[in-house]
Amino acid sequence: MNKLKIFTKGFFSENAVFVMLLGLCPTLGTTTSAINGLGMGLATTFVLVMSNIVVSLVKKQIPDKVRIPAFIVIIASFVTIVELTMQAYVPDLYDVLGLFIPLIVVNCLILGRAEAFASKNNIIDSVLDGFGMGLGFSMALTMLGAVREILGSGSVFNIKIYEGDGALVFVLAPGAFIVLGYLIALVNRLQKRKSI
Amino acid sequence: MEYILIIISAIFVNNVVLSRFLGLCPFFGVSKQVETAAGMGGAVVFVMTVATIVTYLLQKYILISFNIEYMQTITFILVIAALVQLVEIILKKVSPSLYQALGIFLPLITTNCAVLGVAIIAVQTEGYDLIKSTVFAIASAIGFALSLVIFAGLREQLELSDVPEGMKGVPIAFVTAGLLALAFMGFSGIA
């Protein structure tokens, strides 16, 4: 697999949210607006890239039997770094995302990439994979957040685009499920067309 | 009265899956059959309750007294991972058929964010004492099991219905979950 393919597969063919259905909790829980989705996506990307780097560096030192707990400790360390940094520099975003920041540690996407990719590949490929997957994840979260924000509060990235308040249900829990369902259907449709 | 309020709120009003968005991976992963859904629900009730009690004691007597609260994420997730291993070993001996049925999803409880999420909500966000934390954990887990079983029932029916081509599989499952969440929103007036 060439380098470009490793980077771009995270956006479309193996997109974490739309295709692999990984990391669903933050995907639905934090995307009440486009900016929140983007913030969560970038925080996750940072943790993903850093943990991929460390895992690929120490993969030979970790005994096979304890590799999962070892990966979790590595991931949890970076999550703690992100948590403290966000608390200090972007307290507003930190308050909105709240519980979902410590929960980055149990995002199956990150452990999945550490196990499936970084523990088998060299550091450069692991970095590319981390960035590709992380940015693909951010893209999906931003899209979902933008759609929910447009339908639910009539604005996108806090810029008003039509009069009125929109349907509140799209900002609340049921809207998250329904919008993501239709987005996945749309992505399926586009991929099917490409393959024909 | 206070306890009843915590229970009703955790099961119906702030349902872990449908309103807090925790534990979605098993929610979509093991909800194809009612029977496996119930098994998964039972495993989560046990793990979540024990995990919350242990993390509460850990937070109160170790993290706070040594002033190292920033270690919370790391210690909590390790405790939960160890607990899941324990449950796995016990279940393998006691009920091999259930162990077979749950398959890969049992180790995945470690990365079930509902377990870590409920522990953090109980000890940090809400600041419950030990008894309230335990009650909250049991009620949350029951809420999780309840929504999982209902959703599995809906999906079994869905197998038989005529779904448009593009919506087959995952998309229609999400829309169904959305409608279920809408139904649970009706409880929000209670507490």
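The values are calculated or read from the model by the stated rules, or taken from the named source; none is laboratory data. Every value quoted in this text rests on a predicted model; they were computed, and no experiment measured them. Note that each Cβ is placed from the backbone with ideal geometry, even for glycine, and that neighbours are counted across all protein chains shown.
Being aliphatic (A, V, I, L, M), within 14 Å of another protein chain (Cβ to nearest Cβ) and more than 30 Å from A:Ser51 (Cβ to Cβ) narrows it down to one of A:Val105, A:Val171, A:Val179, A:Val187, so name that one. Step through it out loud before you land on a result.
Details: A:Val105 fails: more than 30 Å from A:Ser51 (Cβ to Cβ); A:Val179 fails: more than 30 Å from A:Ser51 (Cβ to Cβ); A:Val187 fails: more than 30 Å from A:Ser51 (Cβ to Cβ).
Exactly one of A:Val105, A:Val171, A:Val179, A:Val187 is aliphatic (A, V, I, L, M), within 14 Å of another protein chain (Cβ to nearest Cβ) and more than 30 Å from A:Ser51 (Cβ to Cβ), namely A:Val171.
Select the helices (runs of 4 or more DSSP H) contained entirely in the range A:1-119, then report the ones holding at least 3 residues which are farther than 22 Å from A:Gly145 by Cα and not β-branched (Val, Ile, Thr). Please lay out each step first, then the result.
On the way: elements: A:3-8, A:24-29, A:34-58, A:67-89, A:91-97, A:108-113.
In the range A:1-119, A:3-8, A:34-58, A:67-89, A:108-113 are the helices (runs of 4 or more DSSP H) which contain 3 or more residues that are farther than 22 Å from A:Gly145 by Cα and not β-branched (Val, Ile, Thr).
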When you go through (1) over 27 Å from B:Gly29 (Cβ atoms); (2) touching a helix residue (DSSP H, G or I) at 6+ places or on another chain (Cβ under 9 Å) one by one for A:Asn2, which number turns out not to apply?
(2)
Of the listed residues (B:Ile121, B:Ile109, B:Ile172), the one being surrounded by 19 or more Cβ atoms within 10 Å (Cβ to Cβ) and under 15 Å from B:Val30 (Cβ atoms) is B:Ile109
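Could you check how many residues of the range A:112-137 are surrounded by fewer than 23 Cβ atoms within 10 Å (Cβ to Cβ) and either touching a helix residue (DSSP H, G or I) at 6+ places or on another chain (Cβ under 8 Å) or at pLDDT 90 or above (or both)? Steps first, answer last, please.
Pass one, the range A:112-137, residues surrounded by fewer than 23 Cβ atoms within 10 Å (Cβ to Cβ): A:112, A:115-117, A:119-125, A:127-128, A:131, A:135.
Retained after the next criterion (residues that are either touching a helix residue (DSSP H, G or I) at 6+ places or on another chain (Cβ under 8 Å) or at pLDDT 90 or above (or both)): A:115, A:117, A:119, A:121-125, A:127-128, A:131, A:135.
So the count comes out to 12.
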Collect the residues in the range B:26-54 that are within 14 Å of chain A (Cβ to nearest Cβ) and within 10 Å of the chain's Cα centre (by Cα), keeping them in residue-number order.
B:Pro26, B:Phe27, B:Val44, B:Val47, B:Met48
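Residue-wise test of (1) among the polar types (S, T, N, Q); (2) at pLDDT 85 or above; (3) in a helix (DSSP H, G or I).
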{"position": "B:Ile6", "(1), (2), (3)": "no, yes, yes"}
{"position": "B:Ser9", "(1), (2), (3)": "yes, yes, yes"}
{"position": "B:Val16", "(1), (2), (3)": "no, yes, no"}
{"position": "B:Thr36", "(1), (2), (3)": "yes, no, yes"}
{"position": "B:Leu57", "(1), (2), (3)": "no, yes, yes"}
{"position": "B:Thr73", "(1), (2), (3)": "yes, yes, yes"}
{"position": "B:Leu78", "(1), (2), (3)": "no, yes, yes"}
{"position": "B:Ala101", "(1), (2), (3)": "no, no, yes"}
Where the second residue is in a loop (DSSP other than H, G, I, E, B) and the first is within 23 Å of B:Ile120 (Cβ to Cβ) and lies in the range B:23-38, which pairs have Cβ atoms under 7 Å and are six or more apart or on separate chains?
B:Gly23/B:Val16; B:Gly23/B:Val17; B:Gly23/B:Asn112; B:Leu24/B:Val17; B:Cys25/B:Asn112; B:Pro26/B:Asn112; B:Phe27/B:Val17; B:Phe28/A:Leu21
Among the numbered conditions (1) of a type in the set (A, V, I, L, M, F, W, C); (2) farther than 25 Å from B:Thr36 by Cβ; (3) facing chain A (nearest Cβ under 10 Å), tell me where B:Ala82 comes up short.
(2)
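Do we find that B:Leu146 is surrounded by fewer than 16 Cβ atoms within 10 Å (Cβ to Cβ), away from every other protein chain (no Cβ under 12 Å), more than 30 Å from A:Leu186 (Cβ to Cβ) and modelled with pLDDT of 90 or more in this structure? Walk me through how you get there before you give the answer.
On the way: surrounded by fewer than 16 Cβ atoms within 10 Å (Cβ to Cβ): no; away from every other protein chain (no Cβ under 12 Å): yes; more than 30 Å from A:Leu186 (Cβ to Cβ): yes; modelled with pLDDT of 90 or more: yes.
So B:Leu146 does not fit the description; no.
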Give the residues of the range B:160-178 that are facing chain A (nearest Cβ under 7 Å), under 21 Å from the mean Cα position of the chain (by Cα) and not β-branched (Val, Ile, Thr), sorted by residue number.
B:Phe174, B:Ala177, B:Gly178
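Can you say whether A:Gly41 is at pLDDT below 90 and on the phi < 0 side of the Ramachandran plot, as far as the supplied structure shows? Walk me through how you get there before you give the answer.
Values: at pLDDT below 90: no; on the phi < 0 side of the Ramachandran plot: yes.
Here the answer is no, as A:Gly41 does not meet what is asked.
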Among the residues of the range A:169-192, is there at least one that is of a type in the set (Ser, Thr, Tyr), over 15 Å from the mean Cα position of the chain (by Cα) and in a loop (DSSP other than H, G, I, E, B)?
no
Away from every other protein chain (no Cβ under 13 Å), of a type in the set (D, E, K, R) and either in contact (Cβ under 8 Å) with a residue 60 or more places away in the chain or within 26 Å of B:Leu116 (Cα to Cα) (or both): which single residue out of A:Lys120, A:Lys160 fits that description?
A:Lys120
Restricted to the range B:15-51 and to residues being among the polar types (S, T, N, Q) and under 26 Å from B:Pro96 (Cα atoms), the residue surrounded by the fewest Cβ atoms within 10 Å (Cβ to Cβ) is B:Gln33
Picked from the range A:63-102 (must be at the interface with another protein chain (Cβ under 7 Å from one of its Cβ atoms), surrounded by fewer than 20 Cβ atoms within 10 Å (Cβ to Cβ) and in contact with a Leu (Cβ under 8 Å, 6 or more places away or on another chain)), the residue modelled with the highest pLDDT is A:Val73
Sort through A:Thr32, A:Thr27, A:Thr8, A:Thr45 and tell me the only one that's touching a Lys or Arg at 6+ places or on another chain (Cβ under 8 Å) and touching a residue at least 40 places away in the same chain (Cβ under 8 Å).
A:Thr32
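Condition check: over 14 Å from A:Leu135 (Cα atoms) and surrounded by 24 or more Cβ atoms within 10 Å (Cβ to Cβ). Does A:Thr30 satisfy that? Walk me through how you get there before you give the answer.
Values: over 14 Å from A:Leu135 (Cα atoms): yes; surrounded by 24 or more Cβ atoms within 10 Å (Cβ to Cβ): yes.
Taking the combined requirement at face value, the residue satisfies it.
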